[in-house]
Every structure is written in structure tokens, then in C-alpha cells.
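Below is one structure, written out as C-alpha cells; comments come after it.
What follows draws every value from the coordinates through simple rules; no lab data is involved. All of these numbers come straight from a predicted model, not from anything done at the bench. Every residue, glycine as well, gets a Cβ built from its backbone with ideal geometry; the counts of neighbours run over all protein chains shown.
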Ligand SMILES: Cc1cc2nc3c(=O)[nH]c(=O)nc-3n(C[C@H](O)[C@H](O)[C@H](O)COP(=O)(O)O)c2cc1C
């Protein structure tokens with residue numbers, strides 16, 4: 001590849017992000033940042049602020065990641081929903097390991113990344129059916145004809161299946177629906193000049209006041225170090241979080 005790739009560098013000029021300005025409700029921060037990213041959707045920042053990377057892990061420990069589209073945000077539950085084929089690679093991996101990670105990159109005026117890590121469950125059929133019915137007919141047909149992630153010898157097989165479909169009767173396929181990640185971790189990253197970026201993470205606490213996200217705590221220096229650096233906050237739904245700054 002061209003040597004120029006190593007020289008690609010954008011200087012982020014955003015201001016500092018003080019932890020206390022994020023308050024006690026990480027989902028309110030998500031909603032505010034998402035709204036700004038949507039409003040700024042331009043050629044530079046990308047047209048789809050709801051595009052996100054979804055990473056899953058197979059039973060043998062192999063990770064895989066792909067882009068999907070955020071279709072619902074449940075602020076009270078700190079949950080994020082996308083729709084997909086339920087026999088796809090991502091869905092198969094989630095069937096054996098329900099942990100997943102989501103990541104958004106909004107390179108607008110204020111460059112921001114948000115990460116969410118948690119557990120994923122399928123969305124109920126009625127909700128999936130309502131969303132499916134709201135999709136354009138081409139998208140419904142696409143979902144109905146594709147056995148997502150399977151090998152296929154020729155594209156013409158998909159075209160043949162499409163031609164065989166009656167567009168007036170495209171029901172929710174059995175193997176299609178929503179997946180919903182409930183976040184135990186939410187990290188807000190803001191780019192700053194000189195690469196010393198700001199990272200503020202929220203770690204959901206259980207009833208005993210301990211964080212669920214063991215691997216995040218381990219990477220951050222262990223429970224004692226994180227507890228010492230963290231401020232405990234309670235969001236409007238009554239969920240307790242540690243809000244803590246991470247080194248960039
Ligand atoms: C911007 C963008 C958005 C996408 N949104 C979705 C989506 O919402 N659902 C989906 O199943 N695939 C979506 N895809 C396709 C996925 O990236 C992926 O190819 C597909 O889901 C199969 O992934 P898997 O085999 O790892 O399960 C999108 C791709 C792009 C580039």
C-alpha cells in the first residue's frame with residue numbers, strides 16, 4: 001500500500017471534556033451526542049450517524065465485527081437495538097456468547113467515539129414485526145430472500161429468489177429480527193489536540209455496588225484503582241454507575 005497511509009493525520013481541535021459535565025446519566029450523554037452527530041451528518045462526518053460497529057465473539061474465542069444500523073435507543077435500560085438475520089454469523093455467535101460491543105465514530109466538528117459493551121438478547125417478535133412492516137418494500141424483500149452469511153454459488157440465486165417473491169405478501173421472516181444490547185459499560189471519547197484525548201467511562205454497578213464489567217475494570221488497573229478514581233452516580237432510572245476517567 002501507498003506510504004502516504006502512515007502520514008495520514010488529522011489534528012482534532014475539540015475542547016476538553018470534564019467528567020463532571022457528563023453528569024449522572026450516560027444515556028442522556030449518548031442521546032445528546034447522537035443528536036449532534038445526526039445534525040452534523042455531512043460528507044465529512046458520514047451520512048449515517050446511526051451506523052455502528054457491532055463486535056461479537058465465537059465459541060472458539062475468535063472475534064468478528066461488522067457495521068449495522070442503530071434502530072432504537074432505550075434510555076432507561078441503556079439498551080441499543082439493531083435488526084438482522086437471526087441465523088447470520090453475528091447471531092450464531094451471540095447464541096453461544098451473549099456478550100457484544102458496539103462502537104460509533106462521529107468525526108464531526110467535535111470528533112467523538114462512543115463504545116458500549118454488554119449482553120445481547122433477541123427483541124420480541126411483535127416489536128420486530130412492527131419494525132419490519134415499517135421498512136421499504138425492497139428492504140423487506142432483501143431480508144426475506146437472503147440467508148445472510150451463508151455461501152452462495154452465484155448472485156443469480158438471490159435474483160431468482162427475489163423474482164419468486166410476491167411483493168404484496170412479504171411477512172416477517174422466521175429468521176429475522178432485532179438484537180438488543182443492554183450496556184454495562186458506556187465510554188465517551190472526545191478528540192483533543194496533541195492526542196491526549198478525553199475518555200470518560202460509565203460502569204454499571206450491581207446491587208452490591210460492584211461493577212459488572214470485570215474486563216474493563218481489570219484493564220483500568222483493578223477494582224481498588226477504579227474505585228479510587230471514580231465518582232458514583234445514579235441515573236434517572238435508578239441505575240448506579242461509576243463514572244471514571246481513563247487515560248487516553
Ligand atoms: C453502513 C452499513 C450498515 C449496515 N447495517 C446492517 C444492519 O443494520 N443489519 C445487518 O444485518 N447488516 C447490516 N450491514 C451489513 C453488515 O455489515 C454485514 O455484512 C452483515 O450483517 C453480515 O454480517 P455477519 O455475517 O457477520 O453476521 C450494514 C453494512 C454497512 C456498511
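State, as an integer percentage, the relative contact order of the stretch 12-87 based on alpha-carbon contacts under 8 Å between residues 6 or more apart. Numbers along the way, then the final one.
Numbers: 62 pairs, mean separation 14.1, N = 76.
In percent, rounded to a whole number, it is 19.
Using the scaling law 2.2 N^0.38 Å as the reference, what is the normalised Cα Rg of the stretch 133-238?
Details: Rg = 23.2 Å, N = 106, 2.2 N^0.38 = 12.9 Å.
It is 1.79.
Sorted from largest to smallest, which semi-axis lengths in Å does the alpha carbon gyration tensor of the stretch 67-163 give for its equivalent ellipsoid, taking the root of 5 times each eigenvalue? It would help to have the intermediate numbers written out before the result.
Details: eigenvalues 148, 55, 51 Å².
Equivalent ellipsoid semi-axes, largest first: 27, 17, 16 Å.
You can think of it this way: the chain between residue 127 and residue 75 has 17.0 nm of extra reach, that is 0.36 nm per residue less the Cα-Cα gap.
How high is the FRET efficiency from residue 150 to residue 99, r the C-beta distance, R0 22 Å, rounded to 0.05?
Working: r = 24 Å, r/R0 = 1.11.
Taking R0 as 22 Å, the efficiency between residue 150 and residue 99 is 0.35.
What FRET efficiency comes out for the pair residue 67/residue 159, r = Cβ-Cβ distance, R0 = 25 Å, nearest 0.05? All intermediate terms of the calculation are to be shown ahead of the outcome.
Details: r = 24 Å, r/R0 = 0.97.
About 0.55, to the nearest 0.05.
Here the simple spin-label model places points 7 Å from the Cα toward Cβ, and for residue 134 and residue 92 these points are separated by 3.1 nm.
Name the shape class, rounded, prolate or oblate, that the alpha-carbon gyration tensor gives for the chain, where a ≥ b ≥ c are the square roots of its eigenvalues, rounded holds for a/c under 1.5, and otherwise prolate holds if a/b is larger than b/c and oblate otherwise. Kindly include the intermediate steps, with their values, before the conclusion.
Values: a/c = 1.94, a/b = 1.54, b/c = 1.26.
The shape class here is prolate.
Using 17 Å as the cut-off for backbone N distance, which residues of the stretch 193-209 belong to the label zone defined by a point 7 Å from the Cα of residue 247 along Cα→Cβ? Within reach of a label on residue 247: 195-201.
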